[in-house]
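What follows is a short report on a single structure.
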Amino acid sequence: MESFYSIIYLKPNALSDEHLAVGLFTGGGEGPFLFLSESRMRLYKLITRKITYLAIQRLLNGLKQKVDGYRGNQAELRLFDPLYSKEELMKLKKMSKGTVVFLEPTVINEWLNQEVHDQLVQQFLGEQKKKVLPKRSAFHLIWKRYVNQPNFDAYTRFVTTKGLKQEAEVNISVDLYHAEKWEVVKAIDFDLKPMTVEKKCYEFNLLSSIFTEHTLICVFQSPKTKEGKERLMLAQTDYPTVKFKKFRLEF
């Protein structure tokens, strides 16, 4: 599915054409994401009535909760498409009586993830999201230390698809790449949240379209939970062309 963005504006005065950009909505890829500028909302508060500000703040915060909840709680990999997003934003515009307006969804030639979303926020709003370091699983840390050992010097470590092939339409991280062996390797911790595992598994679909003649390898550690074991079995069924390799120190 194509990735896209839409800038969200507020009209401080219904009688003028002034527009204040206060947020950025992005969809597709690993989205949706919604950024709301605290500093711009404070400015809006200064130039409008308090009752209007509180109503608009409530509407925007409601949309953000919906977006964040959609991204984090869906059991299936379902993505916001431009049509759905436009309907949501049109609904917001109607509820705000035209105070909230938005730019028509614009397609971008990138695989949308948090990093790409943050870059767009910087480009359009000149702001940076407060960095919150993600929690890394124990397996992720062990795997990263392991592949940085000298016996993997023949591999290209922790690179992106565009770093390997500039013509790649999406930019996905790859843990290991071997040009001569024609291998693409990514590790997955199947004990992570279901949505996180599904997104990481889905990336193998995208990788298969880029590296059509390569062997795709998914490295995993034996899941500790029943749910993790079920997710691993499901992935092995859903992705028969991917080679699943259990992590061992002699990998």
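The values are calculated or read from the model by the stated rules, or taken from the named source; none is laboratory data. Nothing here was measured: the structure is a model prediction, and the numbers come from that model. FYI the Cβ positions are ideal-geometry reconstructions off the backbone, even for glycines, and counts take in every protein chain you see. Just the protein is used for accessible areas: all its heavy atoms, side chains included, with ligands, DNA and RNA removed. Shrake-Rupley method; radii C 1.70, N 1.55, O 1.52, S 1.80 Å.
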Practice task
Kindly rank 23-34, 224-235, 47-58 from highest to lowest mean number of other beta carbons found within 10 Å of each residue.
Solution key: 23-34, 224-235, 47-58
Fill in the blank from the handout: Helix 82-95 sits off the longest principal axis of the Cα atoms of the chain, rounded to the nearest 10 on a 0 to 90 degree scale, by 30 degrees
Problem - Dipole of segment 192-251, positive direction: furthest Cα of Ser209, Val242, Gln221, with charges on the beta-carbon - result: Gln221
Practice task
Could you work out which residue, out of Ser16, Ser173, Ser37, moves most in a Gaussian network model of the chain, that is, has the largest mean-square fluctuation with Cα springs under 10 Å?
Solution key: Ser16
Handout entry: D_trans [Stokes-Einstein, Kirkwood Rh over alpha-carbon pairs] for segment 111-245, 4 °C, 1.567 mPa s, µm² s⁻¹
Key = 80 µm²/s
Practice task
Show me 2-8, 150-156 ranked by packing, highest mean number of other Cβ atoms within 10 Å first.
Solution key: 2-8, 150-156
Problem - Accessible surface, per residue, of the chain when the full set of protein chains is kept, probe 1.4 Å, Å² - result: 58 Å²
Handout entry: segment 105-126 versus segment 169-226: alpha-carbon centroid distance in Å
Key = 23 Å
Exercise for the section: Could you name the aspartates and glutamates whose alpha carbon sits less than 13 Å from that of Lys245, not counting residues in the same chain fewer than 8 places away? Expected result: Glu183, Asp189
Practice task
Could you tell me how many degrees, from 0 to 90 and to the nearest 10, lie between the Cα long axis of helix 226-238 and the main elongation axis, the longest principal axis, of the Cα atoms of the chain?
Solution key: 80 degrees
Exercise for the section: Once you have a ≥ b ≥ c as the square roots of the Cα gyration tensor eigenvalues for segment 3-45, tell me rounded if a/c is under 1.5, and otherwise prolate or oblate according to whether a/b is larger than b/c. Expected result: oblate
Exercise for the section: Answer with one residue from Thr196, Gln123, Ile142: the one whose Cα lies farthest towards the positive end of the charge dipole of segment 108-224, charges on Cβ with Lys, Arg +1 and Asp, Glu -1. Expected result: Ile142
Problem - Cα-Cα over 20 Å, subset of Lys11/Lys94; Lys165/Lys186; Lys45/Lys86; Lys66/Lys93; Lys181/Lys224 - result: Lys45/Lys86; Lys181/Lys224
Problem - For Ala187, distant residues with modelled amide H under 5 Å away - result: Asp175, Val219
Fill in the blank from the handout: Counting only residues 5 or more apart in sequence or on a different chain, those whose built amide H sits under 5 Å from that of Phe102 are Tyr9
